[in-house]
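Novice: Quick one: the structure is below, and I'll ask about it shortly.
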Amino acid sequence: MVLSIWLGHWALNRYHPKDAETSTDLGIIQTATLTLLGLIIGFTFSMAIERYDDRKVLEEAEANAIGTEYLRADLLPSKTAKQTKDLLEQYLEQRILFYSKQDPEKVQEIRQNTNDLQQALWDGILPEAQKQQTPIIALVVSGMNDVINSQGYTQASWWNRIPQPAWTLMMAIAICANLLVGYGARNFKKNIGLFLMFPFVISVSFFLIADIDSPRGGIIRIKPRNLLVLQESLSQKTPSLAPSAKAN
């Protein structure tokens, strides 16, 4: 951004000096370009915020699904109920780890553990569903289906990022805007610090959008508050979970 505003002032003024008519036309082009840049940044920021809010809502839905299924597990025979609850507690730990900042290898491991636990949870209730096709068992199966589906929706929302063409378009318009601002500067040397504020503000705007749009990295992150509250609630019911909950 800084390089483009510098090129706009030094290069364009050197090869195409401004006259009165050019300055008038330049003002019109600058206004149109800056307006378009503001609209594009605002639109992209709205896209990032919408995706961020979706991730928060889906984290809440996932916690509700796991908590509900944990209660419905009591409808199963005692042995199956205990096994299902133990698996749900392990599953909850993996879902909390999913939201923490991890390296790619750890993320892959968490994803694999999550898939294995989902399969184990489904295999655990499947014999009961085949043996007792009652409305109560159907309720348990439906709850387990919600647990598995909620994880899939969450993963899809984390993959849903601002498209690359949108970033390319923003960058192209921002460079053009900086070139025009530099080209139209009258006292560039005297007010160079003032003119550098423009590329700085644009860069900060891009950083903010990119940060909100990056769920696994950056400064603004989604904390799994609902999942953590659920884990704390389950640890109070199951003393054996207490060390694990404190560790997390």
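Novice: Measure nothing fancy, just the Cα-based angle from helix 2-15's long axis to the longest principal axis of the chain, in degrees from 0 to 90, nearest 10.
Specialist: With both axes taken from Cα atoms, the answer is about 20 degrees.
Novice: At 1.4 Å probe size, with every protein chain present, just tell me what the per residue accessible area of region 99-169 comes to in Å².
Specialist: In whole numbers, region 99-169 has 59 Å² accessible per residue.
Novice: Between ARG186 and ILE40, what is the FRET efficiency for a Förster distance of 25 Å, r being their Cβ-Cβ separation, to the nearest 0.05?
Specialist: About 0.35, to the nearest 0.05.
Novice: Roughly how many whole Å is it from the C-alpha centroid of region 148-192 to that of region 30-76?
Specialist: 20
Novice: List, largest first, the extents of the alpha carbons of the chain along their principal axes, each in whole Å.
Specialist: Taking max minus min along each principal axis of the Cα atoms, the chain gives 88, 35, 26 Å.
Novice: Ranked from highest to lowest mean number of other Cβ atoms within 10 Å per residue, what is the order of the peptides 136-144, 29-37?
Specialist: In decreasing order of mean packing, 136-144, 29-37 become 136-144, 29-37.
Novice: Mind ordering 189-197, 60-68, 116-124 by average Cβ neighbours within 10 Å, highest first?
Specialist: Most protected by this proxy first, the peptides run 60-68, 116-124, 189-197.
Novice: Taking region 48-106 as the region of interest, what is the percent of Cα-Cα pairs per 5 angstrom bin, listed from the shortest bin to the one with the maximum distance?
Specialist: In whole percents, the pair-distance histogram is 4, 16, 19, 19, 17, 11, 8, 4, 2, 0.
Novice: I want the local charge near LYS101. Using Cβ-Cβ distances under 10 Å, sum +1 for each Lys or Arg and -1 for each Asp or Glu among the other residues.
Specialist: +2
Novice: Restricting attention to the alpha-carbon atoms of region 3-118, what are Rg (one decimal) and Dmax (integer), both in Å?
Specialist: In Å, with Rg to one decimal and Dmax whole: 28.1, 88.
Novice: Report in % the part of the accessible area of the chain that belongs to carbon and sulfur, leaving out ligands and nucleic acids; probe 1.4 Å.
Specialist: 62
Novice: At R0 = 30 Å, how high is the FRET efficiency between THR31 and ALA210 if r is their beta carbon distance? Nearest 0.05 is fine.
Specialist: That pair, THR31 with ALA210, gives E of 0.65.
Novice: Continuing with this model, one more query. Using 0.36 nm per residue of separation minus the Cα-Cα distance, give me the extension gain between ALA156 and ASP86 in nm, one decimal.
Specialist: Going from the current span to full extension adds 22.5 nm.
Novice: Let me ask something else about it. How much length, in nm to one decimal, is gained on full extension between LEU169 and THR134, taken as 0.36 nm per residue of separation minus their Cα-Cα distance?
Specialist: 7.0 nm
Novice: Now for a different question. Quote the FRET efficiency, to the nearest 0.05, computed for SER78 versus GLN108 with a Förster distance R0 of 45 Å and r equal to the Cβ-Cβ distance.
Specialist: With a Förster radius of 45 Å, E is 0.80.
The values are calculated or read from the model by the stated rules, or taken from the named source; none is laboratory data. Everything quoted here is computed from the prediction, not taken from an experiment. Glycine gets a Cβ as well: all are built from the backbone with ideal geometry, and neighbour counts include every protein chain shown. Keep in mind that these areas ignore ligands, DNA and RNA; they rest on the heavy atoms of the full protein, side chains included. Shrake-Rupley method; radii C 1.70, N 1.55, O 1.52, S 1.80 Å.
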